[in-house]
Number of protein chains: 2
Amino acid sequence: MQKGGISSAVIKRLPRYYRYLGELLKMGIVRISSKELSERMNVTASQIRQDLNNFGGFGQQGYGYNVEFLYNEIAKILGLDRTYNIIIIGAGNLGTAITNYTNFNKRGFLITKVFDSDKNLIGKKIGDMVIEDIAHLEDYTKENKVDIAAITVPKEVAMDVANRVVDCGIKAIWNFASVELRLPKSVVVETIHLSDSLMRLSYSIKNKSDRKA
Amino acid sequence: MQKGGISSAVIKRLPRYYRYLGELLKMGIVRISSKELSERMNVTASQIRQDLNNFGGFGQQGYGYNVEFLYNEIAKILGLDRTYNIIIIGAGNLGTAITNYTNFNKRGFLITKVFDSDKNLIGKKIGDMVIEDIAHLEDYTKENKVDIAAITVPKEVAMDVANRVVDCGIKAIWNFASVELRLPKSVVVETIHLSDSLMRLSYSIKNKSDRKA
């Protein structure tokens, strides 16, 4: 399998392929042509063939793609053939929403602990999960394997929290704070920029009305 | 100014330029070279010049970019030179987190109403905002201008809610439900796919450790 040379644009599309193929599997669909897949996904068939060719191209002429095989191959590429332990730092509404979101669990992303610094939250429960004092972060990470830390604290303290997480040896951060985290290159960061998303929406609104005018 | 021919990759980077330039403005920085901007943003200087050239190129040889001018121009391109009324549908943890997020307000995205169908939530408050019965959605949209509906309901009901929103004449949806909304082309949709983001993170984790191995 090819490695390293895959563009980030292709990587960005892979989770979408994965979701679609998962839906097809649930519906009991065994194989699909790039044409059919393209109609469902609203992407051109040639784009699909080109994207999937990056990984050796799992399609066969005249047969199309074997849904389950492709689904499992993409899972492997995305690193979904294992589980990940996630801790949530920040038990506010956003942290609570993420902790309650059972879909992550199904995909192998296991939320193992939720931390906060607020004495009013510590000891309370989110579902079955007791909110832990952030003061215990270092001890916890010494005794428990943590693959990902989700940061759902206010942006003013996000950088401090991120540094502390990195000092604990955690190598991946899922950042929800609206701030660019500057961290060592050995740490991977994926940021959910809600305001960027809103700005893309306003751009689309503007462009739609411009086109009509 | 050029229109239509701008790639979606460039559009995706614009909010990030906008955020950075906003930070520079706050720091009182009047002008910046593409080289300095590139160091701050961790993008190549040629990428920056190329991106900004799409909009007529606001830089001047030997001077660089005027921060405020560029900031305001990008704001216009992104449609940020006006305000948007947003309603939130779904007053659970995610809807509450978004309603409480004051930063949107500063950028001109005004949350004007929050709806839910849960009798236990209707009438309660998020900050100063009283949660409204979703049964009043149609009446509300007849009497009030709504530019964007944020959908923060469970994915099982998201499509129904989206159809209802579209029937009310709302032309833009900010979708947080993990489902692809199939809507008329006249409606713009921006989806926050949390699980896609997690999958990109697992991909990065996998690739880091592969590289080390």
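The values are calculated or read from the model by the stated rules, or taken from the named source; none is laboratory data. Remember, predicted model here, so these are calculated numbers, not experimental data. Every residue, glycine as well, gets a Cβ built from its backbone with ideal geometry; the counts of neighbours run over all protein chains shown. These accessible areas exclude ligands, DNA and RNA; they are computed on the full protein's heavy atoms, side chains included. Shrake-Rupley method; radii C 1.70, N 1.55, O 1.52, S 1.80 Å.
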Here are B:142, B:125, B:212, B:171: which of them is open to solvent by 20 Å² or more (accessible area, probe 1.4 Å) and at pLDDT below 95? B:212
Flag for residue A:130 being surrounded by fewer than 23 Cβ atoms within 10 Å (Cβ to Cβ) and part of a loop (DSSP other than H, G, I, E, B): no
Determine which single condition residue A:117 fails, assuming it passes every other condition in (1) more than 19 Å from residue B:204 (Cβ to Cβ); (2) open to solvent by 50 Å² or more (accessible area, probe 1.4 Å); (3) at pLDDT below 90; (4) small (Gly, Ala, Ser). (3)
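For the range B:172-192, give me each residue that is at the interface with chain A (Cβ under 7 Å from one of its Cβ atoms) and over 22 Å from residue A:94 (Cα atoms).
Across the range B:172-192, the qualifying residues are B:172, B:188.
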Six or more apart or on different chains, Cβ under 7 Å: which pairs go from a residue in the range A:179-192 that's in a loop (DSSP other than H, G, I, E, B) to one that's crowded, with 16+ Cβ neighbours inside 10 Å and among the basic types (Lys, Arg)? Could you list them? A:186/A:171; A:187/A:171
Here are some conditions: (1) touching a residue at least 12 places away in the same chain (Cβ under 8 Å); (2) closer than 30 Å to residue A:72 by Cα; (3) crowded, with 19+ Cβ neighbours inside 10 Å; (4) at the interface with another protein chain (Cβ under 8 Å from one of its Cβ atoms). Residue B:195 meets all but one. Which one does it not meet? (3)
If I filter the range B:124-144 for residues that are within 12 Å of another protein chain (Cβ to nearest Cβ), of a type in the set (Phe, Trp, Tyr) and farther than 30 Å from residue B:38 by Cβ, do I get at least one hit? no
Would you check which residues across the range B:133-167 are not polar (S, T, N, Q) and not in a helix (DSSP H, G or I) and list them? B:133, B:145, B:146, B:147, B:148, B:149, B:150, B:151, B:153, B:154
Only one residue in A:93, A:85 is among the polar types (S, T, N, Q) and closer than 23 Å to residue B:98 by Cβ, so which one is that? A:93
State the number of residues belonging to the range B:91-116 that are more than 10 Å from every other protein chain (Cβ to nearest Cβ) and touching a residue at least 12 places away in the same chain (Cβ under 8 Å). 8
Could you tell me whether any residue of the range A:152-160 is aliphatic (A, V, I, L, M), buried (at least 20 other Cβ atoms within 10 Å of the Cβ) and closer than 20 Å to residue B:102 by Cα? yes
